[in-house]
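To keep things clear, I will list the structure first and then write my remarks on it.
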Amino acid sequence: MEHLKQVIKAYEKWVASNPEVVCDVETTTKWVSYFIAGRISNSSVVSELVYTLSNIMVLYNDRIIHNSRQLADAARPANDALESEELLDVSGSKICYRLKVMLTTLEYCEVFLEISAKRVFSNRGKWIIIAALQTMKALGRYFILIHSTERIITTPTLPTLNRRAFTRKGNVSKSNGNNKSALNAQSYVYKLKRSGRVVRRVEGAPPLQCRSFKINEEINEMRREQVPKILIQAEYIYIAKPLIHLAAMGMFGQKSWKQYILALMMDLASINIYQKNRHLMTKRQQLILSHRCINLLLYIVRSPVYERYTQSKLNNFLTFVTSSIPIVRMLTEPLKEYIPHWQNTYYYLWST
């Protein structure tokens, strides 16, 4: 056991010291999962397992890199600490943060669990697992929404760490730390983690000639997180969509237009509410909303649109490319074989 602890500590020290090398290893592992697909027996299960483990490795390494910076952050100004917090999104209570880690791990594992359940318990067991996973995810997201300052939940719930920006900020902080004046090192506001309220410190104001009105911009940006209830209701719709869609699939069938239109309308309703109140959202929330708008394109590869429209056009396009550019045959032929499997495995997912 002691030897195992030493190995773990050595690994954590190596990850904290070499974030760029770690990123290359993680990317290579994900590409291995793509290469395995279709080349060995039970390739879908094995490739999904490799991909799941690579995502969990990314999550674990992100925690290591972030924790390695926490001691340095403690000595930095509160404003910089808030920026570091936004890079990893660790706002809220410790319970909410741990719940985010659990939900993120669940999201990374869900496809592998569904595929495994189908092989072990048949199609019925697969849908039981799907219902259980989506229920747990919805309850967890509701809890986070109620007990933290989050007003829009990301997918995955805990986004990957922006290591390049995180490392750059750490290097800049180290190089400039000794040269900062006491004025620049002092932060005059901080945000309460539980309520999100912005509070001004009582240490006193700087001299008149050194005052800056940037503090007002910071306060306004932080207060945007305290949004009206209408935006919370929009997020409620988005969180409830997987469960309602799942129930509609059980009632009307997986290939039915009713379940498809219902999920699409709920997505559009949630996005429409956000768009009407976009000026009340922070830049980070607006970026998440933009990703949700782009994800609407996934509806063209979901049943029943895929079977009736997209599939034939996509096959015709791949056939045309294969006949026009023979050298790409080695890519297009496997694509034509795997796309139906990928569509059936991934593109019924609604929590994207």
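Listed values for the stretch 132-137 are Karplus-derived 3J(HN,Hα) couplings in whole Hz (6.51 cos²θ - 1.76 cosθ + 1.60, θ = phi - 60°), namely 5, 5, 5, 5, 4, 5, and x replaces Gly and Pro. Note on W14 and V328: the extension gain reaches 109.0 nm, defined as 0.36 nm multiplied by sequence separation minus the Cα-Cα distance. You can think of it this way: the chain between E26 and R63 has 11.9 nm of extra reach, that is 0.36 nm per residue less the Cα-Cα gap. Sort the stretch 292-352 into rounded, prolate or oblate with this rule: let a ≥ b ≥ c be the square roots of the eigenvalues of the Cα gyration tensor; rounded if a/c is under 1.5, and if a/c is not under 1.5, prolate when a/b is larger than b/c, oblate otherwise. Here the stretch 292-352 falls in the prolate category.
Using R0 = 22 Å, the C-beta based FRET efficiency linking N295 and M251 works out to 0.35. The solvent-accessible area of I56, taken with every protein chain present and a 1.4 Å probe, is close to 50 Å².
Rg then Dmax, both in Å and based on the Cα atoms of the stretch 227-351: 18.1, 57. Computed from the C-beta positions of N316 and R284, the FRET efficiency with R₀ = 56 Å rounds to 0.85.
Local charge for T319 was computed over the other residues whose Cβ lies under 15 Å away, with Lys and Arg +1 and Asp and Glu -1, and equals +1.
Dipole size of the stretch 227-351 about its Cα centre, with +1 on Lys/Arg Cβ and -1 on Asp/Glu Cβ: approximately 380 debye, rounded to the nearest 20.
For the stretch 227-351, the residue among H245, I288, A263 whose Cα projects farthest onto the positive side of the dipole built from Cβ charges is I288.
The values are calculated or read from the model by the stated rules, or taken from the named source; none is laboratory data. Every value quoted in this text rests on a predicted model; they were computed, and no experiment measured them. Counting neighbours? That spans all protein chains shown, and the Cβs are built from the backbone with ideal geometry, glycine included. What goes into the accessible areas is simple: the full protein's heavy atoms, side chains included, and nothing from ligands, DNA or RNA. Shrake-Rupley method; radii C 1.70, N 1.55, O 1.52, S 1.80 Å.
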